[in-house]
Amino acid sequence: MPSQLTRIVCVAAIGASTLNAQTPRQSPLTSARASQLADSILRLMTLEEKIGQLNQLPGRGTQTGPRAPTGGEAMIRTGRVGSFLGIFGADYTRELQQIATRESRLRIPLLFGLDVIHGFRTIYPIPLGEAASFDPARVEFSARQAAIEATAHGITWTFAPMVDIARDPRWGRISEGAGEDPYLGTVMAAAQVRGFQGGDKGTGLGAPDALLSTVKHYAAYGGAEGGRDYNSVELSERTLWETYLPPYQAAVNAGVATVMASFNDIGGIPAHSSEWLIGDVLRDRWGFKGLVISDWGGIGELIPHGVAANKGDAGILGIRAGIDIDMSDAVYADSLAAAVRTGRVPLALVDSAVKRVLRLKYALGLFADPYRFNDAARERLYTLAQPHLDAALQAAREGIVLLKNANRTLPLRKNLGSIAVIGPLADDGAAALGNWAADGRPEEAITVSAGIRKALGASARVVNVRGAPVDTVDTTGFAMARSAVADAEAVVLVLGERHNMSGEASSRASVELPGSQRDLALTVIRAAASGNKPVVVVLMNGRSLAIPELVRDAPAIVESWFLGNQHGRAVADVLFGDYNPGGKLPVTFPRATGQIQLYYNHRNTGRPADPANGYTSKYLDLPWTPLFPFGYGLSYTTFAYSSLRLSAPKIVAGDSLTVSVDVKNTGDRAGDEVVQLYLRDSVASVAEPVKSLKAFRRVTLQPAETRTVTFRIGADAFSLYDRRMRKVVEPGMFTVFVGTNSDDVASTHVQITGDTLVLAPATPRFR
Ligand code: BGC
């Protein structure tokens, strides 16, 4: 089908920003036609068939086991299942769809869900790495391509984006989101939703390559106490509204089709039973019209949470709270019919949930053509298609953050005769892909060693030495590492975490380098220094790491996260200067685990840290400052900021402000800079953060080029939740900061005049 190939090539060429430029039309999710159709089907359904639509079953082997569970086909025939999770493949999903649409009584098509988090078979950087690009158009584009590839394999629904704000890097799932900042989180959330669904506000749905998107995990899953996965969350309502909720709301505003509840409780109310979160906030305050799905087994977990005595009670709590689909543990399938028949659950609640499922199926066009996602030719065409691999390479390059580059150690010469590549991750394809790699195959990933080999060509000697295991203490390989250094002209150390040391159920009590890797690094760095050889550390990890000794001793450090299929190529491009890194940290790097939680947008306290005063907010044994601040990242060139200016020194509450700054490339090569704008409301009715990101832009500047970067910030940027939890703009003085990271900024002031402006009424009371 050459026309389809042409389409992806075109999509790749035109870039993501034009992807939204579709003719505006109504989302098929909310159209009157969808409702009518859902109503007409609902009238024909038995109670068991209705509950079947709310039942989502996992495939055998979940992630990569593309077969229905035992008895699954019989359940399709009898209308006892409405969607599957973890099943894919154009042919096999067609077979199952045929059973549903030919052999079941009402012929309702199935949905096929999968965690397409950062790619399906072509794998892009993990979301934390993509966030480091500070390039929402790039992130949208990766999601678009992932949707094109996944839908070609029969997938109709992804459980992404994960937008949980995370201030605690011990929590392994920090790797799946955009980091610690609510503004960056909102921008990335909306970009991903648009990308997956093929347009803004659900308008792209209906195309055969549009994927239903799910914002998760609602809400505040990233606030898990102690950074331990699945743990309870204790947050003030203010912090919840200010910091944790905005990215979910941004996804809703972008038209996300579905929302997934989170495993945690907030202050004793598990999200799967929270009428406040789903009813008062999501539906009433934000106007969400789509569907809510449980997390895996989340309804049944209301029992160990201690709010339900048995599955029957758990199901009642779930449906009453507003959970429409029960993922994987069949609580609804086993108990909801009895609850309806005994009057404990009104039938109307079940009906509304079923209508939402039917609307999704309608929105995807499945009633008109149930096999539109089952085309083996399309599957062959899009799998690892060249435009996808090219874009994945660019996404990987953009996510790389240069943390240190003393004496211009980098870039390395390309005419090296020999190089030692040392470390346990240098040749690890799974690590290149990272966690939640869907159908990604480690053998299809370019490792760092492979990337270096390719870049240097056959004439260079590339020696690979593991040196130490990833996470056990073992120094026996150090001698071999030292001798590799002795024989090489340059050294690259590849250190960090295995792919499964972050992600779900992968919390770490310490965020230092695991095993003997720190000692390996110091040994190798010392050996290289005594031989006067350049040595570079490449980090691969899914969280921020505490690496103070490396920062002290290593001349150059490159943060590469897990960048996907093209990991090694992108890293080699940076190491040898074919690409000038421009990513920035979406998370603060602490000096030690004990500093956590450490984030840039903290409140000032009554005793901000003061080196001259012991009775201020700090530690006896460590500085209070981070190792690297949020937004930090270097380049092979340098940038100078000047002429920070405002459209006016005073504005009336509600007006917008224009902020401009001149940024000059003062080095000798082209490079990218992420210009960042922060605000501080210095005196307000409640204590506000010392700085909050409100805008950013990634720009490319040629040597000696100066660019005026202009931001227009609206009323929302100046708002806060006042003591009555109203969203307001208060008059007073604001500091405007613009700079290269959250710490290194120039500043000026703007005065907001007039009366307090109420942007939104008080938030619904937590219950
Ligand atoms: C995770 C979700 C995921 C689901 C389905 C759960 O364990 O928390 O993020 O979408 O599994 O794979």
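Residues checked against (1) buried (at least 24 other Cβ atoms within 10 Å of the Cβ); (2) of a type in the set (A, V, I, L, M); (3) in the same structural domain as LEU416 (by TED's automatic domain parsing); (4) part of a loop (DSSP other than H, G, I, E, B):
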position: SER506; (1), (2), (3), (4): no, no, yes, yes
position: LEU522; (1), (2), (3), (4): no, yes, yes, no
position: LYS533; (1), (2), (3), (4): no, no, yes, yes
position: VAL537; (1), (2), (3), (4): yes, yes, yes, no
position: GLY542; (1), (2), (3), (4): yes, no, yes, yes
Within region 316-327, is there a residue that is of a type in the set (Asp, Glu) and either assigned to a strand (DSSP E or B) or surrounded by fewer than 22 Cβ atoms within 10 Å (Cβ to Cβ) (or both)?
yes
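Tell me, which helices (runs of 4 or more DSSP H) wholly within region 17-124 include 1 or more residues that are at pLDDT 95 or above and buried (at least 23 other Cβ atoms within 10 Å of the Cβ)? Break it down stepwise before answering.
Values: elements: 32-42, 47-53, 72-77, 90-98.
Counting at least 1 such residues, we get 47-53, 72-77, 90-98.
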Residue pairs within 8 Å by beta carbon, gap of at least six or interchain, first lying in region 457-470 and touching a residue at least 24 places away in the same chain (Cβ under 8 Å), second surrounded by fewer than 17 Cβ atoms within 10 Å (Cβ to Cβ) and in a loop (DSSP other than H, G, I, E, B), listed first then second, are SER459/GLY417; ALA460/GLY417; ARG461/GLY417; VAL463/ASP487; ALA468/ASP474; ALA468/THR475
Has region 665-679 got any residue that is under 30 Å from the mean Cα position of the chain (by Cα), assigned by TED's automatic domain parsing to the domain that holds ASP743, surrounded by fewer than 16 Cβ atoms within 10 Å (Cβ to Cβ) and closer than 17 Å to PRO182 by Cβ?
no
When SER273 is run through (1) of a type in the set (S, T, N, Q); (2) within 16 Å of the ligand (Cβ to nearest atom); (3) over 21 Å from the mean Cα position of the chain (by Cα), the failure sits at (2)
Residues in region 680-728 that are farther than 30 Å from THR637 by Cβ, among the charged types (D, E, K, R) and not in a helix (DSSP H, G or I) total 7
Report yes if ALA353 is under 14 Å from GLU49 (Cα atoms) and surrounded by fewer than 22 Cβ atoms within 10 Å (Cβ to Cβ), otherwise no.
no
Quick check on region 406-419. Is at least one of its residues touching a helix residue (DSSP H, G or I) at 6+ places or on another chain (Cβ under 9 Å), touching a residue at least 24 places away in the same chain (Cβ under 8 Å) and of a type in the set (Val, Ile, Thr)?
yes
Checking TYR721 against (1) surrounded by 15 or more Cβ atoms within 10 Å (Cβ to Cβ); (2) more than 28 Å from ARG238 (Cα to Cα), which test does it fail?
(2)
Hey, ALA348 part of a helix (DSSP H, G or I), farther than 16 Å from ALA271 by Cβ and more than 34 Å from the chain's Cα centre (by Cα) or not
yes
Using the structure shown, decide if GLN249 is within 22 Å of PHE112 (Cα to Cα) and not aliphatic (A, V, I, L, M).
no
Is there a residue being within 19 Å of ILE596 (Cα to Cα), within 10 Å of the chain's Cα centre (by Cα) and within 14 Å of the ligand (Cβ to nearest atom) anywhere in region 160-171?
yes
Residue list for region 264-287, restricted to those being surrounded by fewer than 22 Cβ atoms within 10 Å (Cβ to Cβ) and assigned to a loop (DSSP other than H, G, I, E, B)
GLY267, GLY268, TRP286, GLY287
In region 308-343, what residues are within 16 Å of the ligand (Cβ to nearest atom), hydrophobic (A, V, I, L, M, F, W, C) and under 19 Å from VAL259 (Cβ atoms)?
ILE323, ILE325, MET327, VAL331
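Residue by residue, here is whether (1) on the phi < 0 side of the Ramachandran plot; (2) within 16 Å of the ligand (Cβ to nearest atom); (3) over 14 Å from the mean Cα position of the chain (by Cα) holds:
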position	(1), (2), (3)
GLU180	yes, no, no
LEU211	yes, yes, yes
LYS216	yes, yes, no
GLY223	yes, yes, yes
ALA251	yes, yes, no
Being in contact with an Asp or Glu (Cβ under 8 Å, 6 or more places away or on another chain) and among the basic types (Lys, Arg) narrows ARG482, ARG441, ARG518, ARG453 down to just ARG518
Could you check region 358-470 for helices (runs of 4 or more DSSP H) lying wholly inside it with 1 or more residues that are crowded, with 19+ Cβ neighbours inside 10 Å and among the hydroxyl-bearing types (Ser, Thr, Tyr)?
376-382, 448-456
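The values are calculated or read from the model by the stated rules, or taken from the named source; none is laboratory data. Predicted, not measured: the structure shown is a model, and the values here were computed from it. So basically every Cβ, Gly included, is an ideal-geometry build from the backbone, and we count neighbours across all protein chains shown.
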